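Below: one structure, written as structure tokens.
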Amino acid sequence: MKINAMRHLPSAVFLVTVCAPCLASAAQPPAAQPPAAMQTQGTASAMMQPALDTLAQAIEVLRPEKWKASDAIRQETGSNIDSIHRDIQTTLPQLLATADAAPNSISQLLPAYRNVEALYDVLLRVAQVANLAAPNQQSAAIDHARARLEDARRALGDHLNSAALTQDQQVHRLQAALRAVPPPAAPVVCPTPAPVKKRKRVRRVVKKAAPAPASSPAAAPSH
């Protein structure tokens, strides 16, 4: 399925993650409560599952091989129906479960939303062919499923946008709090004491007195 990227989605996860630790040592303002809209929103599965159940029941009654269309159109429609069936049975439940684990996380909600967008595009092609070539019962069933999926897709998109706006508000509050934190005082630098010069110890040399000369022998008396 072709995935259409969601435009103009505010991104704030990175800034929230980086800025939050910077305020650990600063005075913290009272934590603001999330908007009421975010508190009342359900999980992605709660928004999408009723429409997916209706879609699963609708494609079970489709018989594109008997529609009044060319072989190429019937074959393409059958392939699209198989793709829808695989997506709602295998791929999308895993993405919704991941989104349910973090219902207000943009990074977790976005993959599920993109998948739903792609699923709707494929379903729209099937419904258009059914309105032209399928019996009334089958075309009515798939058109009803398409309308329900469109409503669920819009609800999920609104929830994703609300989560993005909430994270933007968190970033602005963190930035304002960072600007309010006074800069740290300059550290006091102690002067380096001058090195103490060692006094050179003068060694006094004591001169030994010269030994007294030996006395000469007494002169012999003259006779």
Cβ pairs under 9 Å, 6+ apart or interchain, first in the stretch 149-168 and closer than 15 Å to Ala112 by Cβ and surrounded by 15 or more Cβ atoms within 10 Å (Cβ to Cβ), second at pLDDT 95 or above and charged (D, E, K, R), ordered by first then second residue, are Arg153/Glu117; Gly157/Glu117
Collect the residues in the stretch 51-74 that are surrounded by 13 or more Cβ atoms within 10 Å (Cβ to Cβ) and assigned to a helix (DSSP H, G or I), keeping them in residue-number order. Ala51, Leu52, Asp53, Thr54, Leu55, Ala56, Ala58, Ile59, Pro64, Ile73, Arg74
Looking only at the stretch 75-90, count how many residues are surrounded by 13 or more Cβ atoms within 10 Å (Cβ to Cβ) and over 11 Å from Pro64 (Cα atoms). 5
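The values are calculated or read from the model by the stated rules, or taken from the named source; none is laboratory data. Quick caveat, the model's predicted, so the values are computed rather than measured. Cβ sites come from the backbone with ideal geometry, for glycine too, and all protein chains shown count toward neighbours.
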